[in-house]
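The values are calculated or read from the model by the stated rules, or taken from the named source; none is laboratory data. Only a predicted model underlies this, so the values are computations on that prediction, with no experimental measurement involved. For neighbour counting, all protein chains shown are included, and Cβ atoms are generated from backbone atoms with ideal geometry for every residue, glycine included.
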Amino acid sequence: MQIERVDLYTDGACSGNPGPGGWGVVLRYGDHERELYGKDPTTTNNKMELMAVIEGLAALTRPIPVVRVHTDSTYVLKGITEWVRGWKRNGWMTSAKKPVKNVDLWQRLDSECSRHGEVQWEWVKGHAGHPENERADKLACKGRDEAR
């Protein structure tokens, strides 16, 4: 029997930093796909990258044994796989004893991840022809353009 798995392909977009932004997600479960996107009139690229993953995970209506998140954001990837444990241990402070930026979003992402069995993280090179990453980018740009 095959383990149930969902793939999330995520991206964020922002014009100016801060500026109008958007996020996009392509969810794939077997042969089923769903596209999501959102917008924010005044945001940053890092916030939109985080929101894409948060909203993708939040869209899953029940716990999934394996979720693979594909992101082109090293900020999101390193934050959730390397930095978050230390931030939590230090009361959401960095190693330099400064408050973690976007702490509310990191806490939401940490909470969403905890709902699922295993969340696997895969980095993909952005704007390099990866079909699902390109689709997520188009959705993020659609959100950004609507936010303008």
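Annotations for the structure displayed:
- Within the range 21-43, the set of residues being closer than 15 Å to residue 137 by Cα and surrounded by 15 or more Cβ atoms within 10 Å (Cβ to Cβ) comprises 21, 22, 23, 24, 25, 26, 27, 36, 37, 38, 39.
- Set 53, 69: member being in contact with a Ser or Thr (Cβ under 7 Å, 6 or more places away or on another chain), in a strand (DSSP E or B) and buried (at least 20 other Cβ atoms within 10 Å of the Cβ): 69
- The listed residues are 106, 92, and the only one of them that is of a type outside the set (Gly, Ala, Ser) and buried (at least 20 other Cβ atoms within 10 Å of the Cβ) turns out to be 106.
- Residue 23 among the aromatic types (Phe, Trp, Tyr) and in a helix (DSSP H, G or I): no
- Against the numbered list (1) basic (Lys, Arg); (2) closer than 15 Å to residue 144 by Cβ; (3) without any contact (Cβ under 8 Å) to a residue 12 or more places away in the chain, residue 62 comes up short only at (2).
- Close pairs (9 angstrom Cβ cut-off, 6 or more residues apart or separate chains): free of Cβ contacts under 8 Å to residues at least 60 places away in the same chain in the range 6-22, buried (at least 19 other Cβ atoms within 10 Å of the Cβ) and not polar (S, T, N, Q) anywhere: 18/47; 19/144; 19/147
For (1) over 21 Å from residue 26 (Cβ atoms); (2) touching a residue at least 40 places away in the same chain (Cβ under 8 Å), each residue gets a yes or a no:
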residue	(1), (2)
77	no, yes
111	yes, no
115	no, yes
118	no, yes
121	no, yes
124	no, yes
131	no, no
134	no, no
138	no, yes
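- Of all residues in the range 86-128 being modelled with pLDDT of 95 or more, among the hydrophobic types (A, V, I, L, M, F, W, C) and under 30 Å from residue 4 (Cα atoms), the one that is nearest to the chain's Cα centre (by Cα): 109
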